[in-house]
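Just below is one structure, and these are the notes that go with it.
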Amino acid sequence: AKDLPAGRQIALGMEMFQRPFQGVLEDYAAKRIDAAALRSRTGWEERWGYDWGFYAETIEAAVGAGAHLLALNASRELTKKVVRKGLESLTPEEKAQVPELNLTDKEHRAWFDSLMEGMGGTGAHSTKAPAVPDDDAHKGVKPAPSSSPPDEDATMPSAERIYAVQVIWDESMADGTAKWLASTPSGHAVILAGNGHCHDSAIVNRLKRRGITDVISVRPVVDTEGQVAESLAKPVN
């Protein structure tokens with residue numbers, strides 16, 4: 001934030017917070033609530049779960065710079081319904097929460113299928129896919145079996161439904177950011193999201209589709225087994 005030109009309005013958009021909690025972020029930025037209340041009111045532990053310390057310094061720096069805080073992620077209730085019952089199951093009110101979706105991007109689908117192959121084998125290319133909950137696929141973690149009683153309507157989620165949720169995440173973050181930039185022509189926005197959302201065929205191109213032409217994506221790479229060379233040979237950011 002300190003390196004941006006003077007007079008620029010800044011926004012920090014975050015995957016970690018879901019859209020229904022935008023008002024809570026505004027209360028925090030205005031210092032009406034503290035960090036404990038922020039985590040409690042946004043369901044941090046249940047909806048995200050990572051250590052607050054990973055993000056606290058960045059968020060505090062943004063608030064100190066007078067930045068707007070943007071809750072960018074789709075609600076968990078919405079994506080969970082899509083992964084279990086499909087987009088066609090959404091009510092008109094729920095459909096209104098879904099931004100414009102591009103589900104036919106071949107580059108993005110190839111990335112997704114490769115990810116699913118790594119997590120569950122050939123199921124990713126069949127009508128059935130590994131059981132990946134709506135908020136874990138992007139973390140690259142195959143979840144432990146649920147201890148909850150079986151839902152009589154639950155079925156193994158199809159690859160198409162899991163993919164639809166992945167796209168909803170990307171499109172929601174692109175849509176929320178683009179809308180803020182449209183309302184703030186002199187603004188700069190920074191998005192903090194997992195690397196599965198930050199490659200060119202994910203949030204980046206979905207921002208460009210919305211008219212945001214100047215987009216830079218930064219992905220850290222830990223070079224323990226030659227990943228830097230591989231990343232430079234096949235750039236996706």
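The values are calculated or read from the model by the stated rules, or taken from the named source; none is laboratory data. Predicted model only: the values in this text are computed from it and were never measured. Here the Cβ is made from the backbone with ideal geometry for all residues, glycine too, and neighbour counts use every protein chain on show.
Every residue, every condition in (1) in a loop (DSSP other than H, G, I, E, B); (2) in contact with a helix residue (DSSP H, G or I) (Cβ under 9 Å, 6 or more places away or on another chain); (3) closer than 21 Å to residue 9 by Cβ; (4) not polar (S, T, N, Q), yes or no:
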residue: 172; (1), (2), (3), (4): no, yes, no, no
residue: 175; (1), (2), (3), (4): no, yes, yes, yes
residue: 178; (1), (2), (3), (4): no, yes, yes, yes
residue: 181; (1), (2), (3), (4): no, yes, yes, yes
residue: 186; (1), (2), (3), (4): yes, no, yes, no
residue: 190; (1), (2), (3), (4): no, yes, yes, yes
residue: 196; (1), (2), (3), (4): no, yes, no, yes
residue: 202; (1), (2), (3), (4): no, yes, no, yes
residue: 207; (1), (2), (3), (4): no, yes, yes, yes
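Looking at residue 18, is it within 25 Å of residue 215 (Cβ to Cβ), among the polar types (S, T, N, Q) and touching a Ser or Thr at 6+ places or on another chain (Cβ under 6 Å)? Spelling it out, residue 18 is indeed within 25 Å of residue 215 (Cβ to Cβ), among the polar types (S, T, N, Q) and touching a Ser or Thr at 6+ places or on another chain (Cβ under 6 Å). Can you pull out every residue in segment 76-116 that is hydroxyl-bearing (Ser, Thr, Tyr) and either at pLDDT below 95 or closer than 16 Å to residue 163 by Cα (or both)? Of everything in segment 76-116, those that are hydroxyl-bearing (Ser, Thr, Tyr) and either at pLDDT below 95 or closer than 16 Å to residue 163 by Cα (or both) turn out to be 79, 89, 104, 114.
Helices (runs of 4 or more DSSP H) wholly in segment 1-54 with at least 1 residues that are among the aliphatic types (A, V, I, L, M) and at pLDDT 95 or above - which ones?
Values: elements: 22-29, 35-41, 44-47.
In segment 1-54, the matching helices (runs of 4 or more DSSP H) lie at 22-29, 35-41.
Assess whether residue 78 counts as being surrounded by 15 or more Cβ atoms within 10 Å (Cβ to Cβ) and either under 16 Å from the mean Cα position of the chain (by Cα) or β-branched (Val, Ile, Thr) (or both). Judged against the criteria, residue 78 is a match.
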